[in-house]
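**Q** What follows is a structure written as structure tokens; I'll ask about it next.
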Amino acid sequence: MYPELKLFIAGEWRTTRRDMAVINPATEQELGRLPCADISDLDDALAAAEQGLRVWSATSPRERCDTILRAAALLRERQEEIAQSITLEHGKPLEQARLEVIRGAEFFEWDAGEAMRTYGRVIPAARGQKFSVHHLPIGVVAAFSPWNFPVSQPARKIGGALASGCSIILKAAEETPAGAVHIARAFVDAGLPAGVLNLVFGNPAEISSHLIPHPAVRLVAFTGSTPVGRHLTTLASENMTSVLMELGGHAPVIVCEDTDVQAAATSGAIRKMRNAGQVCTSPTRFFVHDAIFDEFTETFVAKAAKTVVGNGMDAGVEMGPLANDRRVPALTALVEDAVAKGATLATGGARHGNKGYFFQPTVLVNVPDDARIMQEEPFGPIAVINRVATLDDAIAAANSVPYGLAGYAFTNRADYIDRMIDEVEVGNLSINTLEASMPETPFGGVKSSGYGREGGSEGLDNYMTIKHVWHSAKIV
């Protein structure tokens, strides 16, 4: 079920002289060869996107909406084929891959509706004068999506760009390219004009350094690590190009003494291991009130240890492999550092099996503040459970990292909720749920987790520019 991989530029599929292997992380076998764009391919994509912008920005919002909805419907129809591609290249369980395809379709459906609601406004003025505000497409978008969600992450950026009337050049992840290829196919079949969507793969540094400084590019939309986001922001700033940055997180979970301990611990263990912990919003740092600490930890560890790890194509598997061979030693080093500094390893902590990039579901307890994992996002199936005496202590611990993407809490007390809404430094706070966002809600971070929002009524803001028009009935 794995597709043939090609670049998509100016409405045509193309191969290149250079290519690279795409590896199944569960079997370590090659799935296919991925063409890598050279400078001439990127120049073709830029020229196509400029032409596509002229056509698409002049297309009515109704037509844009209809095209996006047709593509979303095709993703739903092709759910099983796309999901199998995702599981093969990423490793996540097939059922989770199926849900991701639907999630991607939902992002497109929301943005399609928002294309019809890019309202301006009229500002009161003196007689004979009219002040009006218009929202217009910002221009060509250079977008960069990560490997952890091969369909839903590209969908976020493509949906926002196309709904706003922009054209887009997407550099999707080389580790998991099939999701973006399937999306491009859906838009071809939905009748999207040539040049509006272009898809490239290759050397990330070469592609970003060529696309971002180009004067045609007016927005850089990126999801990925904070260090890379800072670098791309620097490149964009040299040309005064706008950026939309959804960067790393290190999500805290505050567990208060009044909560349902068993339910909170079970939910936390399940959600921590989703996507093998390779989620920017993954709950990682659990700060648990002293009164319920022992019960919460015992329940969490037991549930985590029972997680079924294996090939995502196999029935009953709950957690697949890590994305690549580099992640296994990286996680091992974080665990060893924490234990050396006094943490207790409650379960896991090492590679799982001897084939594929699998890592054991891992729980570290009573981790000291100077352990690397307290400041570094593990991006893997590792949870930290620490004891706190008060809500003050929990909030201080939650805010002690430079990141602020998602945060969570389990409590039923209104006074606790009010305090956390005001004081926990995150862009997305969820209470009694570990779901961070929906298509209809804005998603993004604060501090080193980036800026700008995707989703919700705010989701198109970064893809549009504002023009004020002052019309006087006579010359003044």
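**Q** What is the dipole size for segment 74-141, taken about its Cα centre, with +1 at each Lys and Arg Cβ and -1 at each Asp and Glu Cβ, in debye to the nearest 20?
**A** With Lys and Arg at +1 and Asp and Glu at -1, about 700 debye.
**Q** Next question. Looking at segment 251-438, what % of its DSSP beta bridges pair antiparallel, to the nearest 5?
**A** 15
**Q** Using modelled backbone amide H atoms (1.01 Å from N, in-plane), which distant-in-sequence or interchain residues come within less than 5 Å of Thr16's amide H?
**A** For Thr16, whose amide H was placed from the backbone, the distant partners under 5 Å are Cys36.
**Q** Right, another one. Quick one: Glu175, Glu95, Glu454, Glu114, fewest Cβ neighbours within 10 Å first, how do they rank?
**A** Taking fewest neighbouring Cβ atoms as first place, the list is Glu95, Glu175, Glu114, Glu454.
**Q** Now a separate question. If you bin the C-alpha pair distances of segment 373-476 every 5 Å from 0, what whole percents do you get?
**A** Each 5 Å bin holds this share of Cα pairs: 2, 10, 15, 20, 17, 11, 7, 4, 3, 3, 3, 2, 1, 1, 0.
**Q** Lys and Arg at +1, Asp and Glu at -1: add these up for the other residues within a Cβ distance under 15 Å of Thr233 and post the number.
**A** That works out to +1.
**Q** Using only alpha carbon positions, build the gyration tensor of segment 251-438, then give the equivalent ellipsoid semi-axes as the square roots of 5 times its eigenvalues, largest first, whole angstrom.
**A** Semi-axes (√(5λ), whole Å): 26, 17, 15.
**Q** If you don't mind, another one. What list do you get for Phe131, Phe187 if you sort them by fewest beta carbons within 10 Å?
**A** Ranked by crowding around the Cβ, least crowded first: Phe131, Phe187.
**Q** While we're on this one: Under a Cβ-only charge scheme (Lys and Arg +1, Asp and Glu -1), can you give me the dipole magnitude of the chain about the Cα centre, in debye to the nearest 20?
**A** Its charge dipole is roughly 1380 debye.
**Q** Could you give each residue of segment 431-437 its phi-based ³J(HN,Hα) in whole Hz, using Karplus coefficients 6.51, -1.76, 1.60 with θ = phi - 60°, and x for Gly or Pro?
**A** Values, residue by residue: 10, 6, 8, 10, 8, 9, 7 Hz.
**Q** Based on Cα positions only, what radius of gyration and what Dmax would you give for segment 135-178, in angstroms?
**A** 10.9, 36
**Q** Once phi is turned into ³J(HN,Hα) by the Karplus curve 6.51 cos²θ - 1.76 cosθ + 1.60 with θ = phi - 60°, what whole-Hz value does each residue of segment 176-181 show in order, with x for glycine and proline?
**A** Rounded to whole hertz, the list is 9, x, 5, x, 5, 4.
**Q** Then there is this: Using only Cα atoms, find the angle between the long axis of helix 152-164 and the longest principal axis of the chain, and express it within 0 to 90 degrees, rounded to the nearest 10.
**A** The helix 152-164 is inclined about 30 degrees to the chain.
**Q** Let me ask another. By how many nm would the segment from Ala216 to Glu440 lengthen if fully extended, with 0.36 nm per residue of separation less the alpha-carbon distance?
**A** Between Ala216 and Glu440, full extension yields 77.6 nm more.
**Q** Follow-up question, since we're still on this one. Quick query: amide H of Gly32 versus all other amide H atoms, modeled in the peptide plane; which residues come in under 5 Å with a sequence gap of 5 or more or a different chain?
**A** Amide H neighbours of Gly32: Val22.
**Q** Would you count, across the chain, every pair of lysines whose alpha carbons are under 17 angstrom apart, provided the pair is eight or more residues apart or spans two chains?
**A** The result is 8.
**Q** Please rank Trp147, Trp470, fewest neighbouring Cβ atoms within 10 Å first, as an exposure proxy.
**A** Placing the least packed residue first, the sequence is Trp470, Trp147.
**Q** Taking θ as phi - 60°, what are the ³J(HN,Hα) couplings along segment 452-460 by the Karplus curve (6.51, -1.76, 1.60), each to the nearest whole Hz, with x for Gly and Pro?
**A** For segment 452-460, the Karplus curve yields x, 9, 10, x, x, 5, 7, x, 9 Hz.
**Q** Turning to a different aspect of this structure: Hey, what's the Cα Rg ratio for segment 118-160 versus the globular rule of thumb, 2.2 N^0.38 Å?
**A** So the Cα radius of gyration is 1.98 times the expected 2.2 N^0.38 Å.
**Q** Can you work out the FRET efficiency for the pair Lys355 and His134, with r the C-beta to C-beta distance and R0 = 51 Å, to the nearest 0.05?
**A** With a Förster radius of 51 Å, E is 0.30.
**Q** Quick check: pseudo-label points 7 Å beyond the Cα along Cα→Cβ at His231 and Ala125, how many nm apart are they?
**A** Taking the two extended label points, one gets 4.7 nm.
**Q** So, in nm, how far is label Arg62 from label Glu376 when the simple model puts each one 7 Å beyond its Cα toward the Cβ?
**A** 5.6
**Q** Which order do the peptides 26-33, 151-158, 1-8 come out in when sorted by mean C-beta neighbours inside 10 angstrom, highest first?
**A** 151-158, 1-8, 26-33
**Q** So what's the angle, to the nearest 10 degrees on a 0 to 90 scale, between helix 94-115 and the longest Cα principal axis of the chain?
**A** Helix 94-115 and the main axis of the chain meet at about 40 degrees.
**Q** If R0 is 35 Å, what FRET efficiency do you get for Arg14 and Ile466 from their C-beta distance, rounded to 0.05?
**A** About 0.40, to the nearest 0.05.
**Q** At a threshold of 8 angstrom on Cα-Cα distance, excluding pairs fewer than six apart, so keeping six or more, what relative contact order does segment 118-229 reach in percent?
**A** Relative contact order for segment 118-229 comes out at 31 percent.
**Q** Quick check: net charge around Glu454, other residues with Cβ under 15 Å of its Cβ, Lys/Arg +1 and Asp/Glu -1?
**A** With Lys, Arg at +1 and Asp, Glu at -1, the net is -4.
**Q** Once label points are set 7 Å from the Cα along Cα→Cβ at both Ile431 and Glu458, what is their separation, rounded to one decimal in nm?
**A** It works out to 1.8 nm between the two label points.
**Q** Quick query: amide H of Phe359 versus all other amide H atoms, modeled in the peptide plane; which residues come in under 5 Å with a sequence gap of 5 or more or a different chain?
**A** Residues meeting the criterion, in which the H sits 1.01 Å from N, are Leu322, His352.
**Q** Which shape class applies to the chain: rounded if a/c is under 1.5, otherwise prolate when a/b exceeds b/c and oblate if not, where a ≥ b ≥ c are the square roots of the Cα gyration tensor eigenvalues?
**A** oblate
**Q** Can you tell me the 0 to 90 degree angle between the C-alpha axis of helix 293-305 and the longest principal axis of the chain, rounded to 10?
**A** On a 0 to 90 degree scale, this one is about 70.
Quick note: the coordinates plus some simple rules give every number you see, no bench work behind them. Here the structure is a predicted model, which is why all the values come from computation and not from measurement. Here the Cβ is made from the backbone with ideal geometry for all residues, glycine too, and neighbour counts use every protein chain on show.
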